[in-house]
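After the structure tokens below, expect a handful of questions from me.
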Amino acid sequence: MNASRPAQSEIHYIPPLARLPDWARPGTLDTYLLSQTIPPFTIALSVVLLALLLERLLVLLNILASEASPFFTLIRLLADLMPHYMGLALPAALCVSVFAVIRRMSENDEIDALMSSGVSLARICRPFAVTGAAIGLLSMLLYGYIQPHARYQFRQGFYLASHAGWSPVLQSGMFATPSASLMLTADHVDQGGSHLTGVFIRDFGEDRERDITARTGTIRSSPVKGEVQIELTDGAILTIRPEMDPTVTTFDHATRLLSHARASAFRERGDDERELTSSELARQIHARKHGRHLDTKLPAASAAPQYPSQATSAQSQETVIPIPSMRAELNFRLARSLSIPFIPVLATALAVIGKRKRGSAGLALAVTILLTYDHLLQLGESLVANGRASALTVIWPPTVVFCTGCTLLLLYRARILPVRHISPAAGARGAGIPDNTPA
């Protein structure tokens, strides 16, 4: 039995990547190129995200500060914005990182060494194109499913933060007015703004004045009930009524309601086509095309938030999203996702420079092409949404031209296309112009 078993030295470990087919197995060149791309890609992605979030951060800070909203609300809103800006930052970071790697290799003569050994520029671009295809598939998930839910959550969170009533955020010695008849201040407030020392409250409600003092106080808020209460300890209450003697009441523990404001429930998801996933858009278009209406509750769109008095009348209506708007959004998402694999192809073709051409403006040209293409897609989306054109005439032709142009440019730079490079001297001789070079 021991003789039939293989010897221990004959058992070899096979790495997981080695078990893949030859066409799918990354080689040494692929591993080297991808390892060189990861650091600039990470840096570029972080810089672009910070630049995009900074502008919205300042706007949110200004709005939420006027509403006295807590800091974690700002963090939540920024997290909901992350998928939207990630969809813009991924293509930009991919273009910049691939361009930086190929430009460095071209300046250090690594591209010349590889091409001299029989490796074409198209072969060098292969791992970048595969990475772009993977990011394109991720973008389909990002554009089609993550961004619609994140956009709705951002609008919902911003609405609730704007209509949540008074927020318990205090500072030492600051006078706060939770309502028109209530004033609150404290000698000392901790950093969280909830634990108070030396509390003074003046209440002018119910035709009388009540001055409340307490040694300590703790503010507690209930987002579900929309209530803000303060728990007081070791205090006294001075009550002053018209034409009556003032009275003083002492207490060891008391609870006082500071604010009660419950915002109306936010609408359901589906106010416009950008809040619908790609599969929902496809189902809506198919159902409406065949004269059927899906049983989905879509409350009426409104530029202003719905207040309690408006909620009943607004929810009684149904939003009917036009079919051209849904078609424009669906085709726009697909076109952007399918274009991402060709971005590294464009960056590779423009990053390679010839000798004695250190000042090439390849990156500026790549950025100009990408911005022009993105604006063309946005223009095509608006034309389709307004019903003035079809997606086959204004969205997909620029996409086909962009993808085909990137591929042909790479093949031309790799000298794979059958294009004859004719020098001026050779062209002059071929045209019958006499050669005046002395013998």
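Starting from the Cα gyration tensor of region 90-184, multiply each eigenvalue by 5, take the square root, and state the resulting semi-axes largest first in whole Å.
Details: eigenvalues 646, 76, 7 Å².
Working through the eigenvalues yields semi-axes of 57, 20, 6 Å.
At 0.36 nm per residue, minus the direct Cα-Cα distance, what do THR213 and VAL401 gain on full extension? Give it in nm, one decimal, please. Provide the component values of the computation, followed by the final result.
Numbers: separation 188, 0.36 × 188 = 67.68 nm, distance 7.46 nm.
My answer for the length gained is 60.2 nm.
Extension gain ILE63-GLU243, at 0.36 nm per residue separation less the Cα-Cα distance, in nm? Can you show the working numbers first?
Details: separation 180, 0.36 × 180 = 64.80 nm, distance 4.52 nm.
Answer, rounded to one decimal: 60.3 nm.
So if each residue of separation counts as 0.36 nm, and I subtract the Cα-Cα distance between VAL130 and TYR145, what length gain in nm does that give? Don't jump to the answer; show the numbers that get you there.
On the way: separation 15, 0.36 × 15 = 5.40 nm, distance 2.26 nm.
Full-extension gain reported as 3.1 nm.
Another question, if that's okay. With each pseudo-label sitting 7 Å past Cα toward Cβ, what's the MET82-ARG220 distance in nm, one decimal?
3.2 nm
Once a ≥ b ≥ c are taken as the square roots of the eigenvalues of the Cα gyration tensor of region 91-145, is the result rounded (a/c under 1.5), prolate (a/b larger than b/c) or oblate (a/b not larger than b/c)? Display every interim value, and only then the final one.
Numbers: a/c = 6.52, a/b = 2.22, b/c = 2.94.
Oblate.
Between ARG104 and ALA51, take the C-beta separation as r, use R0 = 25 Å, and let me know the FRET efficiency to the nearest 0.05.
Values: r = 23 Å, r/R0 = 0.93.
Efficiency, rounded to the nearest 0.05: 0.60.
Could you compute the FRET efficiency for ILE353 and LEU379, with r as their C-beta to C-beta distance and R0 at 25 Å, rounded to 0.05? Could the numbers behind the result be given before it?
Details: r = 33 Å, r/R0 = 1.30.
Efficiency for this residue pair is about 0.15.
Under a 1.4 angstrom probe, counting protein chains only, how are ARG267, ARG123 ranked by accessible area, largest first?
Values: ARG267 30, ARG123 70 Å².
Largest to smallest exposure gives the sequence ARG123, ARG267.
Something else about it: How much FRET efficiency would the formula 1/(1 + (r/R0)^6) give for SER116 and THR31, where r is the Cβ-Cβ distance and R0 is 22 Å, rounded to 0.05?
Values: r = 21 Å, r/R0 = 0.96.
Efficiency, from the Cβ-Cβ distance: 0.55.
Grab the alpha carbons of region 24-107, take their convex hull, and tell me the volume per residue in Å³.
110 Å³
The values are calculated or read from the model by the stated rules, or taken from the named source; none is laboratory data. No experiment lies behind these values; they were computed from the predicted model shown. Every residue, glycine as well, gets a Cβ built from its backbone with ideal geometry; the counts of neighbours run over all protein chains shown. Just the protein is used for accessible areas: all its heavy atoms, side chains included, with ligands, DNA and RNA removed. Shrake-Rupley method; radii C 1.70, N 1.55, O 1.52, S 1.80 Å.
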